[in-house]
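Structure first, then comments.
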Amino acid sequence: MQNIFRGLGVALVTPFKQSGEVDYEALERLVEYQLDNGADFLCILATTGETPCLSNEEKTLIRQQIVRQVNGRVPILMGCGGNNTAAVVHELRTADIPGIDGILSVCPYYNKPSQEGLFQHFKAIAQATSLPVVLYNVPGRTGINMKAETTCRIARACDNVVAIKEASGSLEQVDEIIKNKPDRFEVISGDDALTYPMVACGAVGVISVIGNALPKEFSRMIRLEFNNEFAAARQIHHRFTDLYSLLFVDGNPAGVKALLHEMGFIENVLRLPLVPTRVATLQKMSDILKSLKR
């Protein structure tokens, strides 16, 4: 099975009204903005979407609305993971998710499995669905790093595991995966700040937070790299350097939601335990945004 999730993937936020309810009209506007400005695929109901704080009914309505709106224009990758293997397997086996083109599944968090446990977990998930599976390694959130050798072992053992969203922060680990992986298996950046060097090393794209707000600019950087125009791509990368850190200093998606609010797309509302970014951070991002638009 081949990977179809390449280029700019946007990890969509979930807009909320001031009342705290999901703002489905704002979500529609945001999706159309992505499709009009270079997004190659959408990643829904994952970390940036505050999915742990959504009800099952809300998740269903969000998925159905996005699938209807996208209408096959780009692939849709949906988050489905957890630290209870049996529960994830059950969810995948019983899921009725037409219009979803692949599953993004995060490494189990909190219980810190061994590398063998990670292998068995993802093997069970791969066997529970006929859809392509993208692994998600983000040790800063899960508390455990999936090593390159484990990633490649899973890729060799499971035909429908097509890629990994790699957010370990280690270019050495990324390079080791790319060096030793099966040909059909691909690496996707899970870190906006490292997308430029990761694509230069052989990654095929990014699942991006900053892409929510600036898809046109970020997708241009990736396309330039695909065309071996690294100097021009690097210029775009360096324009974003300060913004990368500001987006995450108060937690994700607090930063990008503040940025989207400044741009007039959504209300600056998150669900607890997340809270809006600090005023000082917002002011710095606003200043950078103005400079980017000059």
Pick from 46, 11: which is out of contact with any Ser or Thr (no Cβ under 8 Å at 6 or more places or on another chain) and modelled with pLDDT of 95 or more? 46
Restricting the search to region 44-91, which residues are closer than 24 Å to residue 113 by Cα and surrounded by fewer than 14 Cβ atoms within 10 Å (Cβ to Cβ)? 52, 84, 86, 87, 90
Can you report the number of residues in region 264-287 which are open to solvent by 50 Å² or more (accessible area, probe 1.4 Å) and either at pLDDT 95 or above or assigned to a loop (DSSP other than H, G, I, E, B) (or both)? 8
Here are some conditions: (1) assigned to a helix (DSSP H, G or I); (2) modelled with pLDDT of 90 or more; (3) among the small types (Gly, Ala, Ser). Residue 291 meets all but one. Which one does it not meet? (2)
In contact with a helix residue (DSSP H, G or I) (Cβ under 8 Å, 6 or more places away or on another chain), outside any loop (DSSP other than H, G, I, E, B) and modelled with pLDDT of 95 or more, is that true of residue 260? yes
Qualifying positions in region 39-70 - charged (D, E, K, R) and under 26 Å from residue 217 (Cα atoms): 40, 50
Residue, nearest to residue 77 (Cα to Cα), within region 195-244, restricted to residues that are of a type in the set (Asp, Glu) and touching a helix residue (DSSP H, G or I) at 6+ places or on another chain (Cβ under 8 Å): 217
Would you pick out the residues in region 93-107 that are open to solvent by 20 Å² or more (accessible area, probe 1.4 Å) and in contact with a helix residue (DSSP H, G or I) (Cβ under 8 Å, 6 or more places away or on another chain)? 97, 98, 99, 106
Residue pairs within 6 Å by beta carbon, gap of at least six or interchain, first lying in region 201-214 and more than 14 Å from residue 3 (Cα to Cα), second open to solvent by less than 10 Å² (accessible area, probe 1.4 Å) and among the acidic types (Asp, Glu), listed first then second, are 208/192; 209/192; 210/192
Somewhere in region 223-237, is a residue within 30 Å of residue 159 (Cβ to Cβ) and surrounded by 19 or more Cβ atoms within 10 Å (Cβ to Cβ)? yes
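The values are calculated or read from the model by the stated rules, or taken from the named source; none is laboratory data. The model shown is predicted, which means the values in this text are computed figures rather than measured ones. Every residue, glycine among them, receives a Cβ derived from its backbone with ideal geometry; neighbour counts consider all protein chains shown. Accessible surface is based on the protein model in full, side chains and every heavy atom, while ligands, DNA and RNA are left aside. Shrake-Rupley method; radii C 1.70, N 1.55, O 1.52, S 1.80 Å.
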